[in-house]
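Heads up, the thing below is written out as structure tokens.
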Amino acid sequence: MSSLERACLCARVCEQFKGQDIVVLDVTKITPLFDYFIITTANNQRQAHAIAEEIRVLMKQDHANRRNIEGKDSNWILGDYGDVVLHIFTDDARELYDLERLWGDAPQLDWQSHKPADSQ
């Protein structure tokens, strides 16, 4: 699976688990460290943990093991999958850190219209 397909898969999981305001940023032309940011808002820590865990399981199945996780007991969970970085915020934390503005040069992808490779 390509990094784009992984990013879109993560966004779809966020949607399935009722994450809000899901954004996928293409940072390939901005940094060599990773390709995509997935940003979503969870209503509470339980929801944030459920999203993070489901994505961990699916990424592991694709042999894209999580390199690190930060903030498991905070209002911002960050999951590092190498080429894809997942950010799950509470509403207040998302507003405070405002990654969309910070990475404002990164185009937002229309992840909902991107079809998985096996369905094309």
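The table for this structure:
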| item | result |
| --- | --- |
| Members of region 65-118 that are assigned to a loop (DSSP other than H, G, I, E, B) and among the β-branched types (Val, Ile, Thr) | 90 |
| Subset of region 67-120 (residues that are over 13 Å from the mean Cα position of the chain (by Cα), open to solvent by less than 70 Å² (accessible area, probe 1.4 Å) and of a type in the set (A, V, I, L, M)) | 93, 106, 117 |
| Subset tally (residues that are part of a loop (DSSP other than H, G, I, E, B) and more than 16 Å from residue 72 (Cβ to Cβ)) for region 1-60 | 15 |
| Count of region 60-109 residues which are at pLDDT 90 or above and farther than 16 Å from residue 2 by Cα | 27 |
| Some residue of region 40-56 being crowded, with 16+ Cβ neighbours inside 10 Å and within 17 Å of residue 110 (Cβ to Cβ) | yes |
| Tally, over region 6-36, of residues that are open to solvent by 10 Å² or more (accessible area, probe 1.4 Å) and of a type outside the set (S, T, N, Q) | 18 |
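The values are calculated or read from the model by the stated rules, or taken from the named source; none is laboratory data. What you see is a predicted model, and the numbers here were worked out from it, not measured in a lab. In this analysis, Cβ positions are derived from the backbone assuming ideal geometry, glycine residues included, and neighbour counts consider all displayed protein chains. For accessibility, only protein heavy atoms count, side chains too; no ligands or nucleic acids. Shrake-Rupley method; radii C 1.70, N 1.55, O 1.52, S 1.80 Å.
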